[in-house]
Each structure stands twice: as C-alpha cells, then as structure tokens.
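Participant: First the structure, then my questions, so here it is.
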Amino acid sequence: MDSPIIKGVFNRIKLNPEDARAIYLQLSDEILTLIKHGQLTTGQKLPSTRDVASLLKINRITVAKAFEELQMQGWLESSVGRGTFVSSHIPELEPKKLQNKAIDKTQKVAGFALNAKQYLSNPYFVPTSEFHLDDDYPDPKLAPLKELYRAYRNQLTRSGLYYKFGS
C-alpha cells in the first residue's frame, strides 16, 4: 500500500457479511461515503484491488466489482498500468464563501430616476392558455419521428427520386 494515510482510511471500513446487501455494494457505499465526506479527494489514487482485499480480508474480485460499480457511476476513473483514481469531475464539497467587501459597497437606492418607457410595453396578445396552436407546426415532442423517417426514406429511395434531386 502506498500511503499509511490511505491505509488508515480504508482500515476504518466495516463490512457486514450477515447483511442482505452484497459485500461489493457495501464496499462501494463505504468508498462513496469517504469521497462525499472529503476523506478521498479528486484525483487521489486508490490502493490496488489486491491491497484493499488483503487489508479488508475479502476476495479481490469483490473489490474489483466495487471499483467497477463506482466507475460506472462516475465516481472513479481507472487506467491500465496507472491505477484507479477518484474522478476529476466531482465538484468541490464546500463552495467558497463570498467576501463581505463586495456586499458592503452596494447601493440600496439608484442615484438616478427610472422612468417607465412606453415602447417597452407589449401591446400584443400573449396566450396564457394550456393549449396553443402555432401555424400548423407539430409539436416536436409529439411528432412520430420514426414513421416520418420511414416515409421520407421510402419516397427518396423509390424509382430514382434520390438521383433526380441530387445525391
């Protein structure tokens, strides 16, 4: 194992063989908890499956399945020959706090008058009903795209129309 810190982190993982949930899912949940609590950070290298298996006294295939589960969920990244790392696409756990300086400098009242402009009002009717007909264009969410595709393909491949209109 590379680091005694990582060894200590993985040493705290407790798995329950009597639980109805599979061991590899318990392990993936524990590793996910470590990531979410910031004990495993973005880009950090995880120990090999053999090291984790010997540390937790479980089968190496179980550890590999747990790592694979977390890779499919996007929490881990793996590359052959380099190892397994915590994904670099995980956002920071705590956002940075805003500085109070910017908040104190804002004005509460504008230093000039705001007059309502007549040209900004919209005299046109804006429909607010649930249904809206719009110049006979079908709703793209409701259009039968498969059937339209088949019909277009059928017409274009029939009797040389494709060659008449250009290929």
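The numbers here are math on the coordinates, done by the rules we state, and not lab data. Because the structure is predicted, anything quoted here is derived from the model rather than measured. Heads up, the Cβs are rebuilt from the backbone with ideal geometry, glycines too, and the neighbour counts pull from every protein chain shown.
Participant: Once you order the gyration tensor axes a ≥ b ≥ c over the Cα atoms, which shape class does region 4-86 get: rounded for a/c under 1.5, otherwise prolate or oblate by comparing a/b with b/c? Present the calculation step by step, with values, prior to reporting the outcome.
Facilitator: Values: a/c = 1.35, a/b = 1.30, b/c = 1.04.
Here region 4-86 falls in the rounded category.
Participant: Between Gln44 and residues 5 or more places away or on another chain, which pairs have amide H atoms under 5 Å apart, with H built 1.01 Å from N, and which residues are they?
Facilitator: HN-HN under 5 Å from Gln44: Val86.
Participant: Right, next: If I stretch the segment between Arg153 and Asp29 completely, what's the gain in nm (0.36 nm per residue apart, minus their alpha carbon distance), one decimal?
Facilitator: 39.7 nm
Participant: Would you kindly derive the ³J(HN,Hα) couplings of region 26-32 from the backbone phi angles with the Karplus curve 6.51 cos²θ - 1.76 cosθ + 1.60 (θ = phi - 60°), listing them in order in whole Hz, with x for Gly and Pro?
Facilitator: 4, 5, 5, 5, 5, 5, 4
Participant: Okay, next question. Using the per-residue mean of other Cβ atoms lying within 10 Å as a proxy for protection, in what order, highest first, do the peptides 47-59, 18-30, 73-85, 143-155 fall?
Facilitator: Top to bottom by mean Cβ count within 10 Å: 47-59, 18-30, 73-85, 143-155.
Participant: What FRET efficiency comes out for the pair Asp19/Ser88, r = Cβ-Cβ distance, R0 = 45 Å, nearest 0.05?
Facilitator: Here the calculated transfer efficiency is 0.90.
Participant: Using a Cα-Cα cut-off of under 23 Å, which lysines could be cross-linked to Lys108, ignoring same-chain neighbours fewer than 8 residues away?
Facilitator: Here the lysines satisfying the reach criterion relative to Lys108 are Lys97, Lys117.
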